[in-house]
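Working notes for the structure below.
The values are calculated or read from the model by the stated rules, or taken from the named source; none is laboratory data. Small disclaimer: the values here were computed from a predicted structure and weren't measured. Note that each Cβ is placed from the backbone with ideal geometry, even for glycine, and that neighbours are counted across all protein chains shown.
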């Protein structure tokens, strides 16, 4: 099946793309059943939320008979990011709530027979990005993660050059450096079972994904025939 015939999922960055694809695999869902693409896949590599937001209207209008999902970071105020999304999706007859639901938004555009979904990383409630989502895939009792957090704070005091906004990313990379296979990228770390695929945060995202995509013809066989998560 051609890429433009598949239901689509648009994300901000490559980390988001690899994390989602790997998490789907852990739940026995074939990520190739959906066209998952990030802003950095474009030729000009401009990336970012602004490009994703600008492309929403066109993508929804041309998604006849298919589902389309959007995953954006909620850096800053979640309400502001949801307001920006609502501005792009107005005019399609969607019942857009004033606040994004805790379990993500899913609605139908009857005009083009398309199902539309929005997930704001990390959990539709808190400010953050994919790093905050991944943090929720690690047990709170994990001693190495607590050590990584303390070490990152100490590193800042010693003159570490990363920006304060990147502190959560630094913590996760320090934690990953101490695993059996040090320094794996996020997606491979999910495949290696370093992150929990069945944490409440992971299960909530998978539930949103299934609500959005499981009714589409091209993915119904994949999702309906899923086996117990590995």
Yes or no: the range 37-52 includes at least one residue that is at pLDDT 90 or above, assigned to a loop (DSSP other than H, G, I, E, B) and touching a strand residue (DSSP E or B) at 6+ places or on another chain (Cβ under 8 Å). no
Any residue at all in the range 137-146 that is in contact with a helix residue (DSSP H, G or I) (Cβ under 7 Å, 6 or more places away or on another chain), at pLDDT 95 or above, surrounded by 17 or more Cβ atoms within 10 Å (Cβ to Cβ) and under 30 Å from residue 6 (Cβ atoms)? yes
Just for the range 75-90: of the residues that are over 15 Å from residue 56 (Cβ atoms) and out of contact with any helix residue (DSSP H, G or I) (no Cβ under 8 Å at 6 or more places or on another chain), which one is surrounded by the most Cβ atoms within 10 Å (Cβ to Cβ)? 78
Give the number of residues within the range 83-107 that are modelled with pLDDT of 95 or more and either out of contact with any strand residue (DSSP E or B) (no Cβ under 8 Å at 6 or more places or on another chain) or assigned to a strand (DSSP E or B) (or both). 13
Among 205, 162, which is touching a residue at least 40 places away in the same chain (Cβ under 8 Å) and either in contact with a helix residue (DSSP H, G or I) (Cβ under 9 Å, 6 or more places away or on another chain) or over 22 Å from residue 71 (Cα atoms) (or both)? 205
Which ones in the range 67-77 are at pLDDT 95 or above and more than 15 Å from the chain's Cα centre (by Cα)? 67
Mind checking which residues of the range 91-106 are surrounded by fewer than 19 Cβ atoms within 10 Å (Cβ to Cβ) and at positive phi? 91, 93
